[in-house]
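This report refers to the structure that appears directly beneath it.
The values are calculated or read from the model by the stated rules, or taken from the named source; none is laboratory data. What you are looking at is a predicted structure, and each value in this text was computed from that prediction instead of being measured. Cβ placement follows ideal geometry from the backbone for every residue including glycine, while neighbour counts extend to all protein chains displayed.
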Amino acid sequence: MFGYTIINTPSFLYSKNTIDSIFKSISKNIDKKQNGLLNIVFVEQKSIKNLNNIYRKKNKETDVLSFHYFESFDTLKQDEIAGEIILCEEIIKKQGLEYGLGSEKEFYKLLIHSILHILGFDHEDENEYEIMKKIEEKIAQELDLF
């Protein structure tokens with residue numbers, strides 16, 4: 001199971017126990033090694049827009065970016081950085097209101113989504129989208145998140 005570090009703690013409340021449960025559930029449901037640490041980093045809109053432009057060639061803000069530094073996490077030690085999840089607090093708050101989830105649950109939703117991206121899941125076509133969506137829903141339902 002991945003470990004994690006939160007960098008730049010957001011102003012909204014969240015539960016460390018819920019984050020731990022998300023990581024445990026993903027570890028249980030996804031048959032891939034998940035060694036190493038993920039940095040969960042909160043940044044401002046300007047920063048995420050800049051990163052999105054640099055790495056995805058999209059000159060606009062986004063809610064989250066996921067980066068994995070290895071194709072496989074099999075041989076990683078638990079204290080080695082496996083990847084990073086970059087989140088924009090302002091957009092999380094906005095989407096939390098828009099979707100009726102609130103900031104905390106919107107954060108959990110994006111966290112699940114991002115970890116799956118780091119593990120190699122994507123949504124470039126309809127089939128991939130459906131697979132990823134089903135896993136996200138299963139984990140959210142298992143943890144009674146939404």
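Anything in the range 26-50 that is part of a helix (DSSP H, G or I) and either surrounded by fewer than 18 Cβ atoms within 10 Å (Cβ to Cβ) or touching a Lys or Arg at 6+ places or on another chain (Cβ under 8 Å) (or both)? List them, or say none.
We begin by selecting, within the range 26-50, every residue part of a helix (DSSP H, G or I); these are 26-29, 45-50.
Once the filter is applied, which keeps residues that are part of a helix (DSSP H, G or I) and either surrounded by fewer than 18 Cβ atoms within 10 Å (Cβ to Cβ) or touching a Lys or Arg at 6+ places or on another chain (Cβ under 8 Å) (or both), the range 26-50 yields S27, K28, N29, Q45, K46, S47, K49, N50.
Restricting to the range 51-73, what's the tally of residues that are outside any loop (DSSP other than H, G, I, E, B) and among the aromatic types (F, W, Y)?
Applying the first criterion (outside any loop (DSSP other than H, G, I, E, B)) to the range 51-73 yields 51-56, 64-68.
Those left that are additionally among the aromatic types (F, W, Y): 55, 67.
The qualifying residues number 2.
Scanning the range 1-18 for residues that are closer than 22 Å to D74 by Cα and touching a residue at least 60 places away in the same chain (Cβ under 8 Å) yields F2, G3.
Take E71 and tell me if it is among the acidic types (D, E), touching a Cys at 6+ places or on another chain (Cβ under 8 Å) and either closer than 18 Å to Y108 by Cα or surrounded by fewer than 18 Cβ atoms within 10 Å (Cβ to Cβ) (or both). Answer is no for this residue. Among residues of the range 125-138 that are touching a residue at least 40 places away in the same chain (Cβ under 8 Å), those with a beta-carbon under 8 Å from a residue that is surrounded by 10 or more Cβ atoms within 10 Å (Cβ to Cβ) at least six positions away or on a different chain give the pairs I135/N29; I135/I30; I135/L116; I135/F121; K138/N29. What's the number of the only condition in (1) out of contact with any His (no Cβ under 9 Å at 6 or more places or on another chain); (2) at pLDDT below 95; (3) outside any loop (DSSP other than H, G, I, E, B); (4) surrounded by 13 or more Cβ atoms within 10 Å (Cβ to Cβ) that I131 fails to meet? I131 satisfies all of (1) out of contact with any His (no Cβ under 9 Å at 6 or more places or on another chain); (2) at pLDDT below 95; (3) outside any loop (DSSP other than H, G, I, E, B); (4) surrounded by 13 or more Cβ atoms within 10 Å (Cβ to Cβ) except (1). Check the range 13-30 and report whether any residue there is touching a Ser or Thr at 6+ places or on another chain (Cβ under 7 Å) and either within 17 Å of H113 (Cα to Cα) or modelled with pLDDT of 95 or more (or both). So far as the range 13-30 goes, no, none of its residues is touching a Ser or Thr at 6+ places or on another chain (Cβ under 7 Å) and either within 17 Å of H113 (Cα to Cα) or modelled with pLDDT of 95 or more (or both).
For the range 74-104, filtered to residues that are part of a helix (DSSP H, G or I) and in contact with a helix residue (DSSP H, G or I) (Cβ under 6 Å, 6 or more places away or on another chain), the residue that is surrounded by the most Cβ atoms within 10 Å (Cβ to Cβ) is I92.
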